[in-house]
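The structure under discussion appears below in the form of structure tokens.
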Amino acid sequence: MNVPILDFIPVPGAETMQLISTILLIVGVCVTVAGVILLFLNKRKGKEKNTLAWILICVGVLLTANHGLQLIF
């Protein structure tokens, strides 16, 4: 499907998009790992509230899945 792109809208090249997806894939993995570490630290201390840890894990998994699929296809 060819959609005309207006001249004043900056469109990055394919290599730039691949670089952005790779960086965000790495960020997603790091955010997921940070969430898991925070979850285990909170369980060790006996705290019941793990909302931030679960938010970090969910955001990290979504980033990783989204940009991983973009790099595959």
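The values are calculated or read from the model by the stated rules, or taken from the named source; none is laboratory data. The model shown is predicted, which means the values in this text are computed figures rather than measured ones. Cβ: placed from backbone, ideal geometry, glycine included. Neighbour counts: every protein chain shown.
Contact map, the range 48-73: residues that are part of a loop (DSSP other than H, G, I, E, B) paired with residues that are surrounded by 12 or more Cβ atoms within 10 Å (Cβ to Cβ) and not aliphatic (A, V, I, L, M), Cβ distance under 9 Å, separation 6+ or inter-chain. Pairs shown: GLU48/ASN42; LYS49/ASN42; ASN50/ASN42; ASN50/LYS43. Scanning the range 14-47 for residues that are among the small types (Gly, Ala, Ser), modelled with pLDDT of 95 or more and farther than 16 Å from LEU69 by Cβ yields a total of 2.
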